[in-house]
Amino acid sequence: MSSETSTSELRLPADPRYIIVAKRAAAGFASIAGFDVESVHDLVIAVAQACENAISCAWRAVGDDSGHLKVTFTLEEGNRLEVNVQSSCSRARVEQFAAARAAAEHRAALLAHQQQDATDLALRVMGLFVDDFNYRVDERSGALRVRLTKYRVS
């Protein structure tokens with residue numbers, strides 16, 4: 001017996017005002033998957049945190065809100081919902097910002113280190129609300145990719 005898998009994708013601007021859209025979509029998919037209220041709430045918190053951090057990485061890469069988020073929901077028949085959050089920015093915009101940023105790199109080194117520590121901590125906290133997660137930051141582009149997995153307890 002094969003399980004049925006359904007995947008949907010949501011593309012949003014890398015703008016904190018759009019996090020509510022990702023949260024509502026996560027709640028909807030979790031509800032369709034049959035998760036209880038507490039599990040839906042946990043997943044929504046984790047998705048919001050993933051989006052906030054992806055937006056932060058996009059902004060660090062390009063200096064403004066010109067990046068995008070891709071949120072992918074994969075619902076497997078049975079008990080698994082996987083959410084992938086990925087930031088992206090145009091290569092030209094990343095290169096343009098990198099050139100402008102190079103002049104100020106030395107002054108911002110300490111601040112960037114502190115921001116990275118805060119991002120790492122926030123991403124680790126996100127793991128408290130889901131059953132499995134991982135993340136990766138592309139050093140070249142500054143893009144963040146987060147995978148969150150929540151299992152329904154029968």
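The values are calculated or read from the model by the stated rules, or taken from the named source; none is laboratory data. Note that the coordinates shown come from a computational prediction; the quantities given were computed from them, not determined experimentally. Quick reminder, even Gly has a Cβ in these numbers, built from the backbone with ideal geometry, and neighbours come from all protein chains shown.
The single condition from (1) under 17 Å from LYS150 (Cα atoms); (2) in contact with a Leu (Cβ under 8 Å, 6 or more places away or on another chain); (3) of a type outside the set (A, V, I, L, M, F, W, C) that PRO13 fails is (1).
Out of GLY67, GLY78, one residue alone is more than 15 Å from the chain's Cα centre (by Cα), among the small types (Gly, Ala, Ser) and modelled with pLDDT under 95. It is GLY78. Taking the conditions exactly as written (over 19 Å from THR7 (Cβ atoms), surrounded by fewer than 22 Cβ atoms within 10 Å (Cβ to Cβ), among the small types (Gly, Ala, Ser) and out of contact with any His (no Cβ under 7 Å at 6 or more places or on another chain)), does ALA48 satisfy them or not? Answer is yes for this residue. Among the residues of segment 118-154, those that are in contact (Cβ under 8 Å) with a residue 60 or more places away in the chain, among the polar types (S, T, N, Q) and more than 17 Å from HIS68 (Cα to Cα) comprise THR119, THR149, SER154. Among the residues of segment 23-45, those identified as surrounded by fewer than 22 Cβ atoms within 10 Å (Cβ to Cβ) and of a type in the set (Gly, Ala, Ser) are ALA25, ALA27, GLY28, SER31, GLY34, SER39. The set of residues in segment 1-42 being in contact (Cβ under 8 Å) with a residue 24 or more places away in the chain, farther than 14 Å from ASN79 by Cα and in a helix (DSSP H, G or I) consists of PRO16, TYR18, ILE19, ALA22, LYS23, ALA25, ALA26, ASP42.
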